[in-house]
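Chemist: Take a look at this one; I'll ask things after.
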Amino acid sequence: MVRANGAVSLRELARVVQTSEVTVRRDVRALEAEGLLDRRHGGAVLPGGFTRETGFPQKSHTATAEKTAIADLAAGLVEEGEAVVVGAGTTTQELARRLARVPGLTVVTNSLLVAQALAHANRVEVVMTGGTLRGSNYALVGSGAEQSLQGLRVSRAFLSGSGLTAERGLSTSNMLSASVDRALVQAAAEVVVLADHTKLGTDTMFQTVPTDVMTRLVTDKPPPHEDRAGTELQALADQGVQITVAGTAPAGAGEAPGHVQGGGGRGGRDGRGGRGDKGPDGQGRREMPPMPGQRRNMPPGAGGSPAPQLRSAPQPGEQQSVPGRVADLAPRRR
(Lines give C-alpha, C1' and ligand atoms only; values in the text may rest on other atoms or scores of the structure.)
Protein backbone atom coordinates (compact mmCIF):
# COMPACT_ATOMS: atom_id res chain seq x y z
CA MET A 1 0.00 0.00 0.00
CA VAL A 2 2.81 2.41 0.81
CA ARG A 3 4.57 1.66 -2.48
CA ALA A 4 1.36 2.15 -4.46
CA ASN A 5 0.21 5.38 -2.79
CA GLY A 6 3.39 6.92 -1.42
CA ALA A 7 1.85 7.19 2.07
CA VAL A 8 -0.74 5.46 4.20
CA SER A 9 -2.26 6.04 7.63
CA LEU A 10 -2.00 3.56 10.49
CA ARG A 11 -5.79 3.53 10.77
CA GLU A 12 -6.15 2.55 7.12
CA LEU A 13 -3.51 -0.19 7.47
CA ALA A 14 -5.29 -1.57 10.51
CA ARG A 15 -8.58 -1.64 8.64
CA VAL A 16 -7.14 -3.41 5.61
CA VAL A 17 -5.28 -6.10 7.55
CA GLN A 18 -8.05 -6.33 10.16
CA THR A 19 -5.92 -5.85 13.23
CA SER A 20 -5.33 -3.20 15.89
CA GLU A 21 -3.39 0.02 15.39
CA VAL A 22 -1.06 -1.09 18.19
CA THR A 23 -0.07 -4.16 16.16
CA VAL A 24 0.28 -2.12 12.97
CA ARG A 25 2.46 0.42 14.76
CA ARG A 26 4.78 -2.31 15.99
CA ASP A 27 5.07 -3.81 12.49
CA VAL A 28 5.71 -0.39 10.93
CA ARG A 29 8.47 0.22 13.45
CA ALA A 30 10.09 -3.06 12.44
CA LEU A 31 9.82 -2.23 8.73
CA GLU A 32 11.39 1.16 9.38
CA ALA A 33 14.33 -0.54 11.11
CA GLU A 34 14.85 -2.57 7.92
CA GLY A 35 14.81 0.59 5.80
CA LEU A 36 11.65 -0.36 3.91
CA LEU A 37 9.63 2.71 4.93
CA ASP A 38 9.70 5.83 7.08
CA ARG A 39 7.29 6.43 9.94
CA ARG A 40 5.34 9.67 10.02
CA HIS A 41 2.81 11.02 12.51
CA GLY A 42 -0.11 8.61 12.25
CA GLY A 43 1.20 6.76 9.21
CA ALA A 44 4.08 5.61 7.02
CA VAL A 45 5.68 6.86 3.79
CA LEU A 46 8.22 5.62 1.30
CA PRO A 47 11.81 6.01 2.51
CA GLY A 48 14.06 8.72 1.18
CA GLY A 49 13.12 12.05 2.71
CA PHE A 50 10.44 13.97 0.83
CA THR A 51 7.19 12.11 0.38
CA ARG A 52 5.41 11.35 -2.87
CA GLU A 53 2.03 12.83 -3.55
CA THR A 54 -0.84 10.64 -2.41
CA GLY A 55 -3.58 9.98 -4.94
CA PHE A 56 -7.07 11.40 -4.45
CA PRO A 57 -8.74 8.00 -3.75
CA GLN A 58 -6.28 7.37 -0.92
CA LYS A 59 -6.61 10.91 0.46
CA SER A 60 -10.40 10.71 0.50
CA HIS A 61 -10.26 7.69 2.83
CA THR A 62 -7.53 8.94 5.15
CA ALA A 63 -8.40 10.59 8.50
CA THR A 64 -12.01 11.16 7.41
CA ALA A 65 -13.36 11.77 10.93
CA GLU A 66 -10.55 14.22 11.65
CA LYS A 67 -11.16 16.14 8.41
CA THR A 68 -14.86 16.39 9.25
CA ALA A 69 -14.11 17.85 12.70
CA ILE A 70 -11.59 20.29 11.22
CA ALA A 71 -14.07 21.43 8.57
CA ASP A 72 -16.77 21.99 11.19
CA LEU A 73 -14.53 24.35 13.14
CA ALA A 74 -13.09 26.12 10.10
CA ALA A 75 -16.59 26.90 8.82
CA GLY A 76 -17.23 28.78 12.07
CA LEU A 77 -14.54 31.28 11.10
CA VAL A 78 -16.51 32.49 8.07
CA GLU A 79 -19.02 35.31 8.40
CA GLU A 80 -22.09 36.16 6.35
CA GLY A 81 -21.31 38.25 3.28
CA GLU A 82 -17.59 37.49 3.37
CA ALA A 83 -15.31 36.77 0.41
CA VAL A 84 -12.79 33.92 0.79
CA VAL A 85 -10.53 31.74 -1.32
CA VAL A 86 -10.54 27.98 -0.85
CA GLY A 87 -7.75 25.80 -2.25
CA ALA A 88 -7.87 22.25 -3.52
CA GLY A 89 -7.89 19.20 -1.24
CA THR A 90 -10.12 16.70 0.51
CA THR A 91 -10.22 18.74 3.73
CA THR A 92 -11.18 21.92 1.90
CA GLN A 93 -13.83 19.93 0.06
CA GLU A 94 -15.36 19.07 3.45
CA LEU A 95 -15.18 22.75 4.38
CA ALA A 96 -16.99 23.76 1.19
CA ARG A 97 -19.92 21.49 2.02
CA ARG A 98 -20.40 23.47 5.23
CA LEU A 99 -19.91 26.86 3.61
CA ALA A 100 -22.98 26.20 1.47
CA ARG A 101 -25.05 27.30 4.49
CA VAL A 102 -23.39 30.74 4.81
CA PRO A 103 -25.57 33.41 3.11
CA GLY A 104 -24.04 36.09 0.94
CA LEU A 105 -20.71 34.30 0.73
CA THR A 106 -18.34 34.61 -2.24
CA VAL A 107 -15.90 31.73 -2.72
CA VAL A 108 -12.99 31.91 -5.15
CA THR A 109 -11.46 28.50 -5.86
CA ASN A 110 -9.35 26.52 -8.29
CA SER A 111 -10.89 23.23 -7.14
CA LEU A 112 -13.62 21.48 -9.08
CA LEU A 113 -14.52 19.53 -5.93
CA VAL A 114 -15.03 22.72 -3.95
CA ALA A 115 -17.10 24.24 -6.74
CA GLN A 116 -19.21 21.08 -7.01
CA ALA A 117 -19.91 21.13 -3.25
CA LEU A 118 -21.20 24.70 -3.59
CA ALA A 119 -22.94 24.34 -6.96
CA HIS A 120 -26.46 24.16 -5.50
CA ALA A 121 -25.96 26.75 -2.74
CA ASN A 122 -28.31 29.50 -3.92
CA ARG A 123 -26.93 32.16 -1.57
CA VAL A 124 -23.25 31.50 -2.33
CA GLU A 125 -21.44 32.92 -5.35
CA VAL A 126 -18.68 30.70 -6.71
CA VAL A 127 -15.84 32.17 -8.78
CA MET A 128 -13.59 29.68 -10.58
CA THR A 129 -10.06 30.47 -11.65
CA GLY A 130 -8.90 29.68 -15.15
CA GLY A 131 -6.14 27.20 -15.81
CA THR A 132 -5.42 23.64 -16.86
CA LEU A 133 -7.20 20.77 -15.15
CA ARG A 134 -4.97 18.50 -13.08
CA GLY A 135 -6.91 15.26 -12.92
CA SER A 136 -5.17 13.73 -9.89
CA ASN A 137 -6.73 16.27 -7.52
CA TYR A 138 -9.39 17.92 -9.73
CA ALA A 139 -7.69 21.31 -9.51
CA LEU A 140 -7.01 24.05 -12.05
CA VAL A 141 -3.30 24.90 -12.25
CA GLY A 142 -0.85 26.71 -14.48
CA SER A 143 -0.37 30.29 -15.61
CA GLY A 144 -4.06 30.72 -16.41
CA ALA A 145 -5.01 30.00 -12.79
CA GLU A 146 -2.30 32.25 -11.39
CA GLN A 147 -3.08 35.17 -13.69
CA SER A 148 -6.78 35.05 -12.84
CA LEU A 149 -5.90 35.67 -9.19
CA GLN A 150 -3.86 38.82 -9.84
CA GLY A 151 -5.45 41.90 -8.31
CA LEU A 152 -7.81 39.81 -6.15
CA ARG A 153 -8.22 40.65 -2.46
CA VAL A 154 -10.32 38.65 0.02
CA SER A 155 -10.52 38.43 3.80
CA ARG A 156 -8.95 34.99 4.22
CA ALA A 157 -7.68 31.91 2.44
CA PHE A 158 -8.31 28.30 3.48
CA LEU A 159 -5.59 25.93 2.30
CA SER A 160 -4.46 22.39 2.91
CA GLY A 161 -1.43 20.49 1.67
CA SER A 162 0.64 17.33 1.86
CA GLY A 163 2.81 18.23 4.85
CA LEU A 164 3.28 20.77 7.63
CA THR A 165 6.34 21.59 9.71
CA ALA A 166 7.25 24.51 11.94
CA GLU A 167 10.47 24.99 9.97
CA ARG A 168 9.00 25.31 6.45
CA GLY A 169 5.27 25.68 6.98
CA LEU A 170 2.79 24.07 4.58
CA SER A 171 4.11 22.19 1.56
CA THR A 172 2.93 20.03 -1.30
CA SER A 173 4.47 17.51 -3.67
CA ASN A 174 3.49 19.13 -6.97
CA MET A 175 5.13 22.26 -8.40
CA LEU A 176 2.07 23.45 -10.37
CA SER A 177 -0.25 23.08 -7.36
CA ALA A 178 2.25 24.89 -5.15
CA SER A 179 2.41 27.88 -7.51
CA VAL A 180 -1.37 28.31 -7.49
CA ASP A 181 -1.53 27.91 -3.70
CA ARG A 182 1.05 30.69 -3.32
CA ALA A 183 -1.09 32.92 -5.55
CA LEU A 184 -4.13 32.17 -3.36
CA VAL A 185 -2.11 33.18 -0.29
CA GLN A 186 -1.16 36.50 -1.88
CA ALA A 187 -4.84 37.31 -2.42
CA ALA A 188 -5.84 36.94 1.25
CA ALA A 189 -5.47 39.13 4.34
CA GLU A 190 -5.40 36.05 6.59
CA VAL A 191 -4.28 32.49 5.88
CA VAL A 192 -5.94 29.53 7.61
CA VAL A 193 -4.28 26.15 7.16
CA LEU A 194 -6.37 22.99 7.53
CA ALA A 195 -4.23 19.94 8.32
CA ASP A 196 -4.99 16.75 10.23
CA HIS A 197 -2.38 15.26 12.57
CA THR A 198 -1.07 12.79 9.96
CA LYS A 199 0.49 15.74 8.08
CA LEU A 200 2.31 17.21 11.09
CA GLY A 201 6.06 16.76 10.79
CA THR A 202 5.84 15.70 7.13
CA ASP A 203 7.93 17.79 4.73
CA THR A 204 7.30 17.69 0.99
CA MET A 205 9.09 19.25 -1.93
CA PHE A 206 7.39 22.59 -2.63
CA GLN A 207 6.63 25.17 0.06
CA THR A 208 3.24 26.87 -0.25
CA VAL A 209 2.64 28.76 3.03
CA PRO A 210 5.69 29.77 5.11
CA THR A 211 5.17 29.61 8.85
CA ASP A 212 5.44 33.38 9.29
CA VAL A 213 2.53 33.86 6.85
CA MET A 214 0.15 31.44 8.56
CA THR A 215 -2.48 33.15 10.69
CA ARG A 216 -4.17 30.03 12.06
CA LEU A 217 -3.90 26.26 11.95
CA VAL A 218 -7.02 24.16 12.44
CA THR A 219 -6.07 20.58 13.19
CA ASP A 220 -7.16 17.59 15.28
CA LYS A 221 -5.73 16.24 18.51
CA PRO A 222 -2.81 13.88 17.84
CA PRO A 223 -2.98 10.42 19.44
CA PRO A 224 -1.32 10.22 22.88
CA HIS A 225 1.67 8.27 21.54
CA GLU A 226 2.49 10.93 18.91
CA ASP A 227 4.88 13.03 20.98
CA ARG A 228 6.53 14.50 17.91
CA ALA A 229 3.20 15.82 16.63
CA GLY A 230 2.66 17.68 19.90
CA THR A 231 6.17 19.08 19.69
CA GLU A 232 5.51 20.30 16.15
CA LEU A 233 2.31 22.02 17.25
CA GLN A 234 4.08 23.75 20.12
CA ALA A 235 6.82 24.93 17.77
CA LEU A 236 4.20 26.42 15.46
CA ALA A 237 2.53 28.17 18.40
CA ASP A 238 5.89 29.55 19.53
CA GLN A 239 6.23 31.18 16.11
CA GLY A 240 2.90 32.97 16.52
CA VAL A 241 0.51 30.64 14.69
CA GLN A 242 -2.91 30.38 16.34
CA ILE A 243 -3.60 26.69 16.92
CA THR A 244 -7.16 25.40 17.16
CA VAL A 245 -7.43 21.69 17.93
CA ALA A 246 -10.65 19.80 17.23
CA GLY A 247 -11.67 16.64 19.03
CA THR A 248 -13.61 14.10 17.00
CA ALA A 249 -17.08 13.24 18.32
CA PRO A 250 -17.46 9.84 20.03
CA ALA A 251 -19.27 7.06 18.22
CA GLY A 252 -23.02 7.64 18.10
CA ALA A 253 -22.73 11.28 19.06
CA GLY A 254 -24.06 14.14 17.01
CA GLU A 255 -21.97 16.30 14.73
CA ALA A 256 -22.26 19.57 16.60
CA PRO A 257 -19.05 21.53 16.14
CA GLY A 258 -16.93 22.38 19.10
CA HIS A 259 -16.46 25.86 20.50
CA VAL A 260 -13.76 27.86 18.75
CA GLN A 261 -11.51 30.22 20.67
CA GLY A 262 -8.65 32.35 19.41
CA GLY A 263 -5.11 31.62 20.49
CA GLY A 264 -2.40 34.16 21.21
CA GLY A 265 -0.95 34.23 17.71
CA ARG A 266 -0.44 36.89 15.08
CA GLY A 267 -3.13 38.85 13.34
CA GLY A 268 -3.88 38.85 9.65
CA ARG A 269 -1.45 39.77 6.90
CA ASP A 270 -2.82 43.30 6.87
CA GLY A 271 -2.24 43.73 10.62
CA ARG A 272 -5.79 42.85 11.74
CA GLY A 273 -6.70 40.20 14.25
CA GLY A 274 -8.97 37.30 13.31
CA ARG A 275 -12.53 38.48 12.54
CA GLY A 276 -14.64 35.43 12.23
CA ASP A 277 -14.58 33.25 15.34
CA LYS A 278 -18.04 32.33 16.53
CA GLY A 279 -19.18 31.51 20.00
CA PRO A 280 -21.81 28.98 21.04
CA ASP A 281 -24.60 31.45 20.23
CA GLY A 282 -23.46 31.59 16.58
CA GLN A 283 -22.61 35.29 16.76
CA GLY A 284 -19.31 36.57 15.39
CA ARG A 285 -16.66 37.46 17.95
CA ARG A 286 -13.67 39.67 17.23
CA GLU A 287 -10.30 38.72 18.57
CA MET A 288 -8.12 41.19 20.39
CA PRO A 289 -6.13 43.16 17.77
CA PRO A 290 -2.33 43.36 18.06
CA MET A 291 -0.96 45.86 20.55
CA PRO A 292 -0.02 49.23 18.99
CA GLY A 293 3.49 49.09 17.65
CA GLN A 294 3.69 45.33 18.05
CA ARG A 295 5.75 43.73 15.33
CA ARG A 296 4.21 40.93 13.35
CA ASN A 297 6.70 38.33 14.47
CA MET A 298 6.81 39.37 18.11
CA PRO A 299 6.69 36.20 20.26
CA PRO A 300 3.18 35.58 21.57
CA GLY A 301 2.74 36.46 25.19
CA ALA A 302 5.26 39.32 25.00
CA GLY A 303 4.34 42.84 25.99
CA GLY A 304 3.14 42.04 29.49
CA SER A 305 0.07 39.97 28.67
CA PRO A 306 0.23 36.38 29.91
CA ALA A 307 -0.16 33.65 27.31
CA PRO A 308 -3.30 31.47 27.48
CA GLN A 309 -2.94 27.95 28.78
CA LEU A 310 -3.50 24.68 26.96
CA ARG A 311 -6.67 23.03 28.10
CA SER A 312 -6.63 19.28 28.41
CA ALA A 313 -8.71 17.29 25.96
CA PRO A 314 -11.61 15.18 27.27
CA GLN A 315 -10.78 11.68 28.36
CA PRO A 316 -12.79 8.66 27.13
CA GLY A 317 -16.09 8.49 28.96
CA GLU A 318 -15.89 12.08 30.21
CA GLN A 319 -19.22 13.91 30.15
CA GLN A 320 -19.30 16.68 27.56
CA SER A 321 -21.95 19.25 26.92
CA VAL A 322 -20.88 19.53 23.29
CA PRO A 323 -19.23 16.68 21.34
CA GLY A 324 -15.91 17.53 19.77
CA ARG A 325 -14.41 19.96 22.24
CA VAL A 326 -11.60 22.23 21.17
CA ALA A 327 -8.33 22.76 22.99
CA ASP A 328 -6.31 25.81 21.98
CA LEU A 329 -2.57 25.47 22.08
CA ALA A 330 -0.93 28.45 23.73
CA PRO A 331 2.58 29.71 23.09
CA ARG A 332 5.05 28.86 25.80
CA ARG A 333 5.83 31.75 28.11
CA ARG A 334 9.42 32.82 27.72
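The values are calculated or read from the model by the stated rules, or taken from the named source; none is laboratory data. Small disclaimer: the values here were computed from a predicted structure and weren't measured. Here the Cβ positions follow ideal geometry from the backbone for every residue, glycine too, while neighbour counts run over all protein chains shown. When the accessible area is computed, the model is the full protein with side chains, heavy atoms only, and any ligands, DNA or RNA have been set aside. Shrake-Rupley method; radii C 1.70, N 1.55, O 1.52, S 1.80 Å.
Chemist: Checking Gly247 against (1) open to solvent by 10 Å² or more (accessible area, probe 1.4 Å); (2) touching a residue at least 40 places away in the same chain (Cβ under 8 Å); (3) under 29 Å from Leu140 (Cα atoms), which test does it fail?
Modeler: All conditions pass for Gly247, except number (3).
Chemist: Still on this structure, I have one more. Residues of the range 82-92 being over 20 Å from Gln147 (Cα atoms), at pLDDT 95 or above and not hydroxyl-bearing (Ser, Thr, Tyr), which ones?
Modeler: Answer for the range 82-92, where residues must be over 20 Å from Gln147 (Cα atoms), at pLDDT 95 or above and not hydroxyl-bearing (Ser, Thr, Tyr): just Glu82.
Chemist: Out of the residues in the range 192-247 meeting the condition of being assigned to a helix (DSSP H, G or I) and of a type in the set (Asp, Glu), tell me which one is modelled with the lowest pLDDT.
Modeler: The residue in question is Asp227.
Chemist: Just give me the residues in the range 9-48 being closer than 16 Å to Glu226 by Cβ, among the aliphatic types (A, V, I, L, M) and modelled with pLDDT of 70 or more, in sequence order.
Modeler: Leu10, Leu13, Ala14, Val22, Val24, Val28, Ala44 - these are the residues of the range 9-48 that are closer than 16 Å to Glu226 by Cβ, among the aliphatic types (A, V, I, L, M) and modelled with pLDDT of 70 or more.
Chemist: If you take the residues in the range 156-182 that are among the small types (Gly, Ala, Ser) and surrounded by fewer than 21 Cβ atoms within 10 Å (Cβ to Cβ), which one is nearest to the chain's Cα centre (by Cα)? So that I can check it myself, show each step before the final result.
Modeler: Pass one, the range 156-182, residues among the small types (Gly, Ala, Ser): 157, 160-163, 166, 169, 171, 173, 177-179.
Next, only the ones that are surrounded by fewer than 21 Cβ atoms within 10 Å (Cβ to Cβ) stay: 166, 173, 179.
On the way: Ala166: 14, Ser173: 16, Ser179: 18 Å.
Checking each candidate, the answer is Ala166.
Chemist: Does Leu118 qualify as being closer than 22 Å to Gly81 by Cα and surrounded by fewer than 23 Cβ atoms within 10 Å (Cβ to Cβ)?
Modeler: yes
Chemist: Sort out which residues of the range 136-154 are closer than 12 Å to Ser177 by Cβ and either out of contact with any Gly (no Cβ under 9 Å at 6 or more places or on another chain) or open to solvent by less than 50 Å² (accessible area, probe 1.4 Å) (or both), and write them in order of number. Walk me through how you get there before you give the answer.
Modeler: Within the range 136-154, the first condition is being closer than 12 Å to Ser177 by Cβ, and the residues that meet it are 136-142, 145-146.
Of everything in the range 136-154, those that are closer than 12 Å to Ser177 by Cβ and either out of contact with any Gly (no Cβ under 9 Å at 6 or more places or on another chain) or open to solvent by less than 50 Å² (accessible area, probe 1.4 Å) (or both) turn out to be Asn137, Tyr138, Ala139, Leu140, Val141, Gly142, Ala145.
Chemist: Taking the range 194-231 as the search range and keeping residues that are within 14 Å of the chain's Cα centre (by Cα) and of a type in the set (D, E, K, R), which one is surrounded by the most Cβ atoms within 10 Å (Cβ to Cβ)?
Modeler: Once the filter is applied, the top-ranked residue is Lys199.
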